[in-house]
Amino acid sequence: MQHHTVEQLDKGPRAGKYVYAGGNRRVGRYVECCNEAWLEVMQTPAEQRDNSPAWERIGHETAEDAYAHMRQVLLGELRLDGRSSNWSGCRAPVGDGRCDVPTKGFAEIRSFPFLEPLCDEHRTRNVVEAIWKGPGDWYGSL
């Protein structure tokens, strides 16, 4: 089981900056929000890592900024074309309740536990952004 949360970098040229990270004691911790730059640094020979220009793209000033960056990364993976064989009520907020129109369509973020039934009218990125406040801290595997 992996724990996904914001933490501060404790070494390297960006020590003290915040990143969204995943992992556990068995596999170690890894940066998720700035993943491409992190992988670039890790592929640099160990004796040259602290001088990698990729460090400039790793880390955030605040924990909130790291959560916000990870949210944007995950929203970039949003799929709006999901189909189910079962009917569900649309979960889009409408007034004081929810839409509840029967639908077999859903919105999904595959690398995060987000799967919501939404009717054709409400299966949009704007609706997903309104109903999903994540990622927050969570346990699971990507």
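Can you give the helix-only mean residue ellipticity at 222 nm for the chain, where every DSSP H stretch with n ≥ 4 adds -39500 (n - 2.57) and the sum goes over all residues, rounded to the nearest 500 deg cm²/dmol? If you can, show how the numbers build up before the last one.
Working: 3 runs with 28 residues, N = 142.
Estimated from H runs of four or more residues: -5500 deg cm²/dmol.
Please report, in debye to the nearest 20, how large the charge dipole of region 32-90 is about its Cα centre when each Lys and Arg carries +1 at its beta carbon and each Asp and Glu carries -1 there.
Dipole size: approximately 400 debye.
Nearest 20 debye, what's the magnitude of the dipole of the chain about its Cα centre given +1 on Lys and Arg Cβ and -1 on Asp and Glu Cβ?
With Lys and Arg at +1 and Asp and Glu at -1, about 400 debye.
According to the square roots a ≥ b ≥ c of the eigenvalues of the Cα gyration tensor, what is the shape class of the chain, taking rounded for a/c under 1.5, prolate for a/b larger than b/c otherwise, and oblate for the remainder?
Details: a/c = 2.82, a/b = 2.50, b/c = 1.13.
The shape class here is prolate.
Mind pulling the angle between the C-alpha long axis of helix 63-75 and the longest principal axis of the chain? Nearest 10 degrees, somewhere in 0 to 90.
Approximately 60 degrees, to the nearest 10.
Among 43, 23, 5, flag the residue with its Cα farthest along the positive direction of the charge dipole of region 2-74, charges on Cβ as +1 for Lys/Arg and -1 for Asp/Glu.
Highest projection toward the positive end goes to 23.
Quick one: pull the percentage of alpha-carbon pairs in region 78-140 with a separation above 18 Å.
Numbers: 631 of 1953 pairs.
Cα-Cα pairs in region 78-140 separated by more than 18 Å: 32 percent.
Run the lone-cysteine check on the chain: no other Cys C-beta under 4.7 Å from the residue's C-beta.
Flagged as lacking a Cys partner: 33, 34.
Since every read-out is calculated from the coordinates, none of them should be taken as a lab result. Note that the structure is a prediction, hence the values are computed from the model and not measured. All Cβ positions, glycine included, derive from the backbone under ideal geometry; neighbour counts span all protein chains shown.
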